[in-house]
2 protein chains.
Amino acid sequence: MSFLKALSGQNLGPPPIWLMRQAGRYLPTYRALKQQRSLYDMFHDPQTIVTVTKLPFETLDLDAAILFSDILTVLDGLGVPYTFQEQVGPVIEFQDFSLKKHAYQHIQEGIDLLKDQLSVPLIGFAGAPFTIASYLIEGRTTKNFLKAKRFLFEQPKKFEHLLQQVTEETCRYLDVQIQAGVDAIQIFDSWAHHVAYAEFTRFVLPYLDRVVQHVKARHCPVIIFSKATSLFAEELAALEPSAISADWNADLAEVRQRIPPHIALQGNLDPAVLYGSKETIQQATDRILRAMAGNPGYIFNLGHGVLPDTPYENVKYLVDYVKHHTILPVSA
Amino acid sequence: MSFLKALSGQNLGPPPIWLMRQAGRYLPTYRALKQQRSLYDMFHDPQTIVTVTKLPFETLDLDAAILFSDILTVLDGLGVPYTFQEQVGPVIEFQDFSLKKHAYQHIQEGIDLLKDQLSVPLIGFAGAPFTIASYLIEGRTTKNFLKAKRFLFEQPKKFEHLLQQVTEETCRYLDVQIQAGVDAIQIFDSWAHHVAYAEFTRFVLPYLDRVVQHVKARHCPVIIFSKATSLFAEELAALEPSAISADWNADLAEVRQRIPPHIALQGNLDPAVLYGSKETIQQATDRILRAMAGNPGYIFNLGHGVLPDTPYENVKYLVDYVKHHTILPVSA
């Protein structure tokens with residue numbers, strides 16, 4: 001259980017490894033499953049949640065599983081319709097909320113089954129309020145995120161009201177996961193880097209704080225993933241999560257110095273490195289492993305999810321390399 | 001000439017202001033011109049370059065003009081075909097280079113005419129080698145920039161060779177602008193935030209350095225604009241440009257502390273703030289003006305270009321506000 005040990009800063013062995021989107025399209029087995037049904041159906045069927053969550057463990061020696069789900073699952077509870085479209089991704093039809101009780105039974109059931117079957121810790125997750133609220137406005141993933149930003153600047157009070165409602169439902173959703181028995185929660189604030197410092201402190205941080213404190217009050221370890229870690233590491237650390245998952249822009253050694261030693265660090269290989277040769281992958285991985293060598297609160301991961309068109313053998317190479325190459329600290 | 005004074009850290013009056021993409025689609029007069037011909041033709045006609053460069057000065061009290069051109073102009077000298085397509089933007093057909101002499105006569109002629117007609121300093125510019133080389137690979141603007149990143153990790157030596165060739169041609173192109181009489185050069189490294197620290201130091205910084213030193217050797221002030229300023233301000237400052245233009249993610253007061261006082265600072269209002277109410281614009285502008293009050297090396301600007309659908313009256317309000325509201329330093 002090196003993952004949970006590292007999360008509490010007490011891992012004396014080699015660093016644990018798991019990968020964001022480790023059960024995804026780069027896996028031939030996942031692609032085969034996906035041809036048979038829609039992504040929406042897959043996310044809503046407990047047995048598929050179990051099967052896909054376990055898929056990477058057939059061939060990869062990973063130290064934690066992450067629930068096969070999407071950050072949009074909270075929209076089930078908020079009563080906002082959404083679909084997943086090929087080439088486009090999620091498409092959200094947001095008019096208003098219509099809160100649904102018992103919206104997360106498939107999640108609860110999936111976690112129940114997984115807890116019986118997994119031999120590694122299970123990570124549950126949710127999107128951070130800012131990222132979800134922005135998604136509601138934007139309707140889909142975009143390049144510049146300008147529709148949500150326009151809304152934020154045009155109607156800041158309305159955006160804050162949206163953030164409050166999303167925050168409350170997110171806490172309810174996380175309660176379901178925690179009660180079902182997940183071993184840790186990761187909060188994805190994937191879009192927080194789209195705003196400047198002033199808006200980060202007003203629209204991102206307070207709501208992220210409420211979610212983090214909610215999870216901590218339930219004695220569940222909580223990891224913040226933010227693509228704004230390199231920008232705002234200190235501010236994220238001040239929320240006192242168990243760990244921060246750094247985006248790939250950040251120099252991990254530098255982030256380590258910016259945050260207190262009792263907060264664990266996760267990350268942060270650029271997923272695009274996995275397009276490169278084994279030599280490229282090894283060099284980039286060594287750089288991270290050396291910077292974090294001997295650190296009892298370090299978890300290897302990417303700086304974002306595995307890219308869908310990543311060659312499977314490169315992911316396999318990375319996992320084996322991290323697991324089986326002992327890197328000693330530079331200082332004696 | 002408060003702009004040039006600020007660039008050399010000697011401006012004792014209120015901060016000068018100019019805006020990236022100040023001659024662009026938010027201007028009704030520009031939209032009218034653009035209906036008549038293609039963007040490619042506009043960029044290649046000296047008289048249009050003059051007309052458009054001067055357009056914002058009809059109604060806005062700006063302290064510097066920037067040449068109406070595109071960072072892709074260097075492709076004229078590299079002999080790489082490109083077009084501008086509605087809704088899509090630039091489309092580049094890159095096979096190989098076929099260097100063209102005298103490719104920049106329209107630019108030279110435009111600058112000659114402008115120098116006679118303008119009463120403010122004229123800024124010339126070029127894309128940074130990393131941004132241009134990536135554009136060549138990517139072919140167009142994209143969300144994640146993955147094609148260029150894949151190339152970079154798959155074929156790093158080939159990418160470096162590309163960077164070298166682009167760097168040489170960029171220096172030649174800047175020589176044309178400097179000899180024609182521009183008062184300062186801004187280098188746009190608009191895509192440098194797409195890479196991690198290791199790749200930033202290998203593929204971005206050395207080539208940016210060569211361009212900056214080339215301009216400095218010709219005794220022309222040089223500004224680096226980078227969307228990675230908030231991430232790598234120290235590394236950019238180490239190149240000793242005249243000024244750094246900060247992206248809008250950055251907290252300007254913090255960037256000011258991270259870079260030496262003799263390097264001027266430009267920026268960095270989030271362009272999306274201009275979607276907001278006058279109150280929103282005023283508050284965000286005040287925050288910046290207060291942080292920079294009394295600084296003799298500060299130039300007001302956005303953190304990126306004016307967004308095409310920005311209401312003109314909001315830009316007008318911003319410029320008037322910066323020019324006519326005296327903000328005193330907080331300390332007495």
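The values are calculated or read from the model by the stated rules, or taken from the named source; none is laboratory data. Here the structure is a predicted model, which means the values were calculated and not measured. Here the Cβ is made from the backbone with ideal geometry for all residues, glycine too, and neighbour counts use every protein chain on show. Accessible surface areas use protein heavy atoms only, side chains included; no ligands, DNA or RNA. Shrake-Rupley method; radii C 1.70, N 1.55, O 1.52, S 1.80 Å.
Some notes on this structure:
- Segment residue B:147-residue B:279, extension gain: residue separation times 0.36 nm, minus the distance between their alpha carbons: 43.4 nm
- Charge tally in the Cβ shell below 10 Å around residue B:270, where Lys, Arg are +1 and Asp, Glu are -1, residue B:270 excluded: -1
- Within the protein assembly as shown, percent of DSSP bridges classed antiparallel, to nearest 5: 15 percent
- Chains B and A, summed buried accessible surface - 1.4 Å probe, Å², nearest 100: 2600 Å²
- Cα centroid of the range B:209-230 to Cα centroid of the range A:8-82, whole Å: 45 Å
- Cross-link pairs exceeding 28 Å between alpha carbons, from the set B:5/B:216; A:100/A:227; B:216/B:278; A:316/B:147; A:54/B:149; B:149/B:316: A:100/A:227; B:216/B:278; A:54/B:149; B:149/B:316.
- Per residue accessible area in Å² of the range B:167-318, where ligands, DNA and RNA are left out and the probe is 1.4 Å: 31 Å²
- 3J(HN,Hα) couplings calculated from phi for the range A:5-22 with the Karplus curve 6.51 cos²θ - 1.76 cosθ + 1.60 (θ = phi - 60°) are, in sequence order, 4, 4, 4, 9, x, 10, 8, 9, x, x, x, x, 9, 9, 10, 4, 6, 5 Hz; Gly and Pro show x.
- Interface residues, the range A:258-295 - accessible area loss of 50 Å² or more versus chain alone, probe 1.4 Å: A:275
- When only the Cβ of Lys, Arg, Asp and Glu is charged (+1, +1, -1, -1), the dipole of the protein assembly as shown relative to its Cα centre reaches about 60 debye.
- 10 Å Cβ neighbours from other chains, averaged over peptide A:192-200: 6
- Using a 7 Å Cα-to-Cβ projection, residue A:36 label spacings across copies, nm, ascending: 6.4
- Close amide H contacts of residue B:268 (hydrogens built in the peptide plane, cut-off under 5 Å, sequence separation of 5 or more or a different chain): B:301.
- Peptides B:68-74, B:301-307, B:143-149, ordered by how many other C-beta atoms sit within 10 Å of their residues on average, highest first, read B:301-307, B:68-74, B:143-149.
- Summed side-chain charge close to residue A:323 - residues other than residue A:323 whose Cβ falls under 10 Å, Lys, Arg +1, Asp, Glu -1: -3
- Inter-chain Cβ neighbour count for A:305-313, averaged per residue, equals 1 (cutoff 10 Å, partner chain atoms only).
- Intensity falloff of chain A expressed as log10 I(q)/I(0), Debye formula with alpha-carbon point scatterers, at q = 0.07, 0.10, 0.13, 0.14 Å⁻¹: -0.26, -0.55, -0.97, -1.15
- A Förster radius of 35 Å, combined with the Cβ-Cβ distance separating residue B:262 from residue B:100, puts the computed FRET efficiency at roughly 0.35.
- Label points for residue B:164 are taken 7 Å from Cα along Cα→Cβ. From this copy to the others they lie 6.2 nm apart, shortest first.
- Chain B, accessible surface, carbon-and-sulfur percent (1.4 angstrom probe): 50 percent
- A crude spin-label estimate for the pair residue A:85 and residue A:219, with each label 7 Å from Cα along the Cβ direction, gives 4.7 nm.
- Beta bridges by DSSP in chain A, antiparallel share as percent, to the nearest 5: 15 percent
- Shielding by other protein chains, A:201-214, mean Cβ within 10 Å: 0
- The mean sequence separation of alpha-carbon pairs under 8 Å and at least six residues apart, normalised by the residue count of chain A, gives a relative contact order of 22 percent.
- Each residue of the range B:28-43 is assigned a 3J(HN,Hα), and the resulting list reads x, 5, 5, 4, 5, 4, 5, 5, 8, 7, 6, 4, 4, 5, 4, 5 Hz, derived from the Karplus form 6.51 cos²θ - 1.76 cosθ + 1.60 (θ = phi - 60°), x at Gly and Pro.
- Chain B Cβ-axis minimum, rotational copy A, residue and distance in Å: B:143, 2
- Environment charge of residue A:313, counting only residues whose C-beta is closer than 11 Å and scoring Lys/Arg +1, Asp/Glu -1: +1
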